[in-house]
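Please treat every number below as a calculation from the coordinates, not as lab data. Note that the structure is predicted; figures quoted are calculated from it, not measured. In this analysis, Cβ positions are derived from the backbone assuming ideal geometry, glycine residues included, and neighbour counts consider all displayed protein chains.
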Amino acid sequence: MSDANVFKEKDAQLKSFEYTANADLQQNQTELAYRDLNSSFFNLDKEQHKNKELDDWKRAHKEKKTAIERAWHQNAETQYKELTKGATGNKKSRTYYRNYSLKELEIFIKQSDRGGNSDEYNNVATNLELYNRIMEKGNPLEGFGILLRLKENADIYVGSRNSPSSTKGKIRKAIISVIAEKTAKLVEEQRNEYKTKADTLFAEIQDSDVTDEKVNEAFKAHYNLMYQVLNGNIELSPEELAKLDTNTETVLKKVMEQKVDESQGNNMSTKFFNSLGWSSNDARLVKEGDLEENGKEYRKSPLKKKMYHSINPFGENKDAVDAGKQLAGVKKKDNRLFFGLGRFGKGIYTSARNDDPEATDLKAENNSWGYGDQIGAVQAVMMINEHARMINYTDFMKKQEKVFDKKFKKVSKLLQQEQSSKSGYRDFLTMKAAFFGYNTLKDPGCGIAGVDYYVTTDRKALSIINELRVRKKENDTSFDEVGYVNLEKEA
């Protein structure tokens, strides 16, 4: 990918982290500072600015850096005094800090004031802050990659400060040396756990009477290890890669033997996401105003565009209200997600305005109604939220060909046996994307003026307005005559 595309993808991921980490700030916590103080990000950001704009960017960055560091010192002071109350020992020694957790060491890092921090110091501080926030939200999969960067940054800082002369310099080196020790231990433990858990559970599912629950547990363990390998966080030898490829293929074949709900499609993608657990996740039901500009969901969305999904009645059903409730995840039973058909993978397909100046929400809305053109069709209005992990279709195609298909040939071949819903459609792509952690693919080349298509495989990534629109009139191009059904959780 070009530098611009690399920045765009990292910016989207960081926005998701920011919305998650800043959602429930505790007392004495500042907003996530990674964007402004981590050199790996702001160096990418700097490349997007030219000439006078670059000078303005540098000036704004310097001011932001000073303000954030000042806030760190002020906010951490009270916590620092509590942590060190009654503590004994030499603060210039590593021994002094070894009994403190990484969360507590973040306070030491932020409280230290030398009149301005180096890039190396702030790289440690921001990765430590990000790691602690992400782990607080219970996301160890993404947390492991951040932990690796934290370890690397701590090692770089310690290695570049051979003999600090000042007391504060010695204290800082002692703190970060302990961070380096703790992260090295955690990385080794977690790396081994990812490997051993997959091997242990693979051995446990070889019995012919193995339960679906045990198979799903084994699949998740193999998925977790593949996720870390595909994202460059764990390196395996050629022999280990081949073993993981073969074993994951075997586990997936057992997953494909499982039954689906009566209200789901009987296909590989449905079984895949059922086993992974994504099809059981809940969407977030919100009010219409929450998706308007500056509404609470709008502020948290990395896309900030309304998305529309329409469903026609099928079978003997007079309307598609029941299917709309299943989409939103409010049914009492048979509530797991129905994975719709589409040309770049199965999932929830939505229309949204693109970035053209003439594009409008109305155009996207009308485009969506084209897939719900019968009386009784329903339309759900939504927006992706902070749990979305999104990538462009074209960027993902390059990534899956260069990384997935080379490392995991057997798994790739198995997934590509997913039955195509139409000639030329790649129904398997959302499964491949999930192994990288992506739950949303964007297709800007759908061929509809003013409209982009998205496909999402995890309801957790969606904030859905709590009222379904119901079509009352056939061939109504204005869509003025619609009814509404409240999406309440069935008792």
Fill in the blank from the handout: Under the helix-only model (-39500 (n - 2.57) for each DSSP H run of 4 or more, divided by the residues of the chain), the mean residue ellipticity at 222 nm, to 500 deg cm²/dmol, is -16000 deg cm²/dmol
Problem - Dipole moment magnitude, nearest 20 debye, the chain about Cα centre, only Lys, Arg, Asp, Glu C-beta charged - result: 1680 debye
Practice task
Quick one: how many lysine pairs does region 243-298 have with C-alpha atoms less than 22 Å apart and a gap of 8 or more or different chains? Give me the count, please.
Solution key: 6
Practice task
Go through region 395-491 and name the trypsin sites (Lys or Arg not before Pro) that are in a DSSP coil and have 13 or fewer other Cβ atoms within 10 Å of their Cβ.
Solution key: 422, 473, 489
Completion exercise
Dipole check, the chain, charges on Cβ (K,R +1; D,E -1), about Cα centroid: among 448, 420, 219 the Cα furthest to the positive pole belongs to 219
Fill in the blank from the handout: The rounded separation in angstrom of the Cα centers of region 259-301 and region 432-469 is 10 Å
Problem - the chain, relative contact order [Cα under 8 Å, separation at least 6], % - result: 15 percent
Completion exercise
In the structure shown, of 300/332; 15/407; 318/473; 137/300, the pairs separated by more than 24 angstrom at the C-alpha atoms are 300/332; 15/407
Problem - By average C-beta atoms within 10 angstrom, highest first, the peptides 183-193, 22-32 - result: 183-193, 22-32
Practice task
Evaluate the relative contact order of region 365-491 (contact order divided by residue number), counting alpha-carbon pairs under 8 angstrom at least 6 apart; express in whole percent.
Solution key: 35 percent
Exercise for the section: Report the charge-dipole magnitude of region 50-198 in Debye, nearest 20, computed about the Cα centre from +1 at each Lys and Arg Cβ and -1 at each Asp and Glu Cβ. Expected result: 380 debye
